[in-house]
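A quick write-up on the structure given underneath.
The values are calculated or read from the model by the stated rules, or taken from the named source; none is laboratory data. Not measured: the values here are computed from a predicted model. Here Cβ is always computed from backbone atoms with ideal geometry, including for glycine, and neighbour counts include all displayed protein chains.
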Amino acid sequence: MVPAEFSREENIGFWKNMFLVVVFFSITPITLAITLFSLFSFKGSVLAKDTVEQKSLAISPYSGVQVYASLPAQLPAVSDNIEARDARSEIVRQYLEYYNSPLTPYSDFLVQISDKYKLDYRLLPAIAQQESNLCKIIPPESYNCWGWGIHSQGSLGFNSFEEGIEAVSKGLRTQYLDKGLRTVPEIMSKYNSNSPEGAWAKGVSQFMDQME
């Protein structure tokens, strides 16, 4: 016959084991579910972060505007050789291009010759705008966009736009600025003295302001 004390200990051991089994099968599924949920959530957040970071690499050159695009398969190499381009040439080019001017390919040359004769780089394009709508209204094959040398028998012609830019720039320097005619109204007093109420000077000044 089994003593009563052993019977009690076996019963306690049995119920203890049963309790542990119940706890194990109750907690284990919950733990696995939490683990799987955390794993998938973390993976999704990483993918979303990577997607945002890739999209933010494509930024529009215009302030406040962003363009999203796929990353190229191969990223271009960046050179440490930086070529500086005169911003004035780009300003003139954009101005001429906006008005569809035949002078657009000569934006760099206009700035170079203006520097050569120490003129405001905006002066020649502005006079061309005032005189010929930026070379769109000129005598055929005259290349004279500035109304330069106009007289009763006709107007002066050049063999090319380059020749015209050079000649007019030199003339403005030697016949105007070097003789004290330095402001636009002063230049008008000789360049176009018959302009009513200073309209020529007002127009040239306005066109120069558009290139600032």
With respect to Y121, determine if the residue is surrounded by 19 or more Cβ atoms within 10 Å (Cβ to Cβ) and either closer than 23 Å to A87 by Cβ or at pLDDT below 95 (or both).
-> yes
Would you confirm whether any residue within the range 173-183 is closer than 15 Å to Q130 by Cα and either out of contact with any helix residue (DSSP H, G or I) (no Cβ under 8 Å at 6 or more places or on another chain) or of a type in the set (A, V, I, L, M, F, W, C) (or both)?
-> no
Of M211, M188, the only residue that is in contact with a helix residue (DSSP H, G or I) (Cβ under 9 Å, 6 or more places away or on another chain) and in contact (Cβ under 8 Å) with a residue 60 or more places away in the chain is M211
Just for the range 157-212: of the residues that are of a type in the set (D, E) and under 20 Å from L103 (Cβ atoms), which one is modelled with the lowest pLDDT?
-> E212
